[in-house]
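Structure first, commentary second.
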Amino acid sequence: MRTRGLGRVHDGGRDARRALVDVEIVIEEGEFVCVLGPSGSGKSTLLAVIGGLDRGYEGQVELYGQDLGRMSDAALARLRGERIGFVFQHFHLLHHLTVIENVTTPALFDPRGDEHACLARAKQLLERLGLADRAGDTPAELSGGQRQRVAIARALLRKPKLLLCDEPTGNLDADTGARIIELFEELHREEGLTIVAVTHEERLARAATRILRLKEGRVDTSNEEPA
Ligand SMILES: Nc1ncnc2c1ncn2[C@@H]1O[C@H](COP(=O)(O)OP(=O)(O)OP(=O)(O)O)[C@@H](O)[C@H]1O
């Protein structure tokens, strides 16, 4: 993933906000990057842009050798579906579906998908995330941390190459948070998963192989340190 001269202005009427300013970053395959920075520094905006969800940017974003700005909406949706898993800050679960349905539903849109394999992987992920006995519950019956783990299982279902997460441990107690971090480290080490995680949490940042700091929409290199 590479950005060149990346900028993003959020249109707030008279009060337009420059969320990203001239961001130049390269993330290699297999990296585990944590994005740190104060509230409002552009972290969530950066994730949305590099994940192909926000197309209103200036400059260039290249993902797996493709210039996102030159892709059709359909091609971009396909790239997202095949290669990227998202864990959003507010989970975005579907409230009328059960846990297992939430995890498997995005994969059902894949015409080449194998339903049995998909269900088996969903069950395995729920097991790994300590939710095996909650598969039939709806999100309303779960705690915030459990919902977060459902969102993580859903993001991992299609074996993405790149996992983009916004505060993935933000709602979790210390033990559950530690389990998620272990899972990320395992997926990164064993399956070569590239992870880009926005976080405020020290524990997660310590697990990363690189820290990227944002400040007022710019990459902040004043405090560079090896992770
Ligand atoms: N949809 C939007 N419309 C208008 N302004 C927005 C929108 N999304 C973000 N912004 C503004 O862009 C700037 C960067 O926001 P962003 O959410 O990317 O920051 P952040 O670093 O992720 O913050 P936090 O840590 O609080 O989640 C902020 O000033 C924010 O108010």
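Observations on the model:
- Comparing the range 118-193 with the 2.2 N^0.38 Å rule of thumb, its C-alpha radius of gyration ratio is 1.04 (two decimals).
- Debye intensity ratio in log₁₀ form over the Cα atoms of the range 98-227, taken at each q of 0.15 Å⁻¹: -0.75
- Directionally averaged projected area (convex hull, Cα atoms, the range 1-52), nm²: 4.1
- Beta-bridge orientation, the chain: approximately 45 percent antiparallel, per DSSP, counting only bridges with both partners inside.
- Note, ³J(HN,Hα) from phi for the range 202-209, Karplus 6.51, -1.76, 1.60, rounded to Hz, x at Gly and Pro: 3, 4, 5, 4, 5, 7, 6, 8
- Here the dipole of the range 29-93 is about 180 debye; that uses its Cα centre as origin and unit charges on the Cβ of Lys and Arg (positive) and Asp and Glu (negative).
- Overall, the chain carries a charge dipole of about 400 debye about its Cα centre when +1 sits on the Cβ of Lys and Arg and -1 on the Cβ of Asp and Glu, all other atoms neutral.
- Accessible area in square angstrom per residue, the chain, 1.4 angstrom probe: 51
- Neighbours of Asp73 by Cβ distance under 13 Å: Lys/Arg scored +1, Asp/Glu scored -1, total +3.
- The range 79-121 has equivalent-ellipsoid semi-axes of 18, 15, 8 Å, by the square roots of 5 times the alpha carbon gyration tensor eigenvalues, sorted largest first.
- Accessible-area composition of the chain, carbon plus sulfur, in percent [1.4 Å probe]: 46
- Shape category assigned to the range 1-96 from the gyration tensor of Cα positions, a/c cut at 1.5: rounded
- Relative contact order of the chain, pairs being alpha-carbon contacts under 8 Å that are 6 or more residues apart, as %: 29
- Couplings 3J(HN,Hα) for the range 89-96, derived from phi with the Karplus relation 6.51 cos²θ - 1.76 cosθ + 1.60 (θ = phi - 60°), are 4, 10, 6, 6, 7, 8, 6, 8 Hz, where x marks Gly and Pro.
- Projected area, mean over directions - the chain, Cα convex hull, nm²: 12.9
The values are calculated or read from the model by the stated rules, or taken from the named source; none is laboratory data. Because the structure is a prediction, the values reported are computed rather than measured. All Cβ positions, even for glycine, are placed from backbone atoms using ideal geometry, and neighbour counts span all protein chains on display. Surface areas here come from the heavy atoms of the whole protein model, side chains and all, with no ligands, DNA or RNA. Shrake-Rupley method; radii C 1.70, N 1.55, O 1.52, S 1.80 Å.
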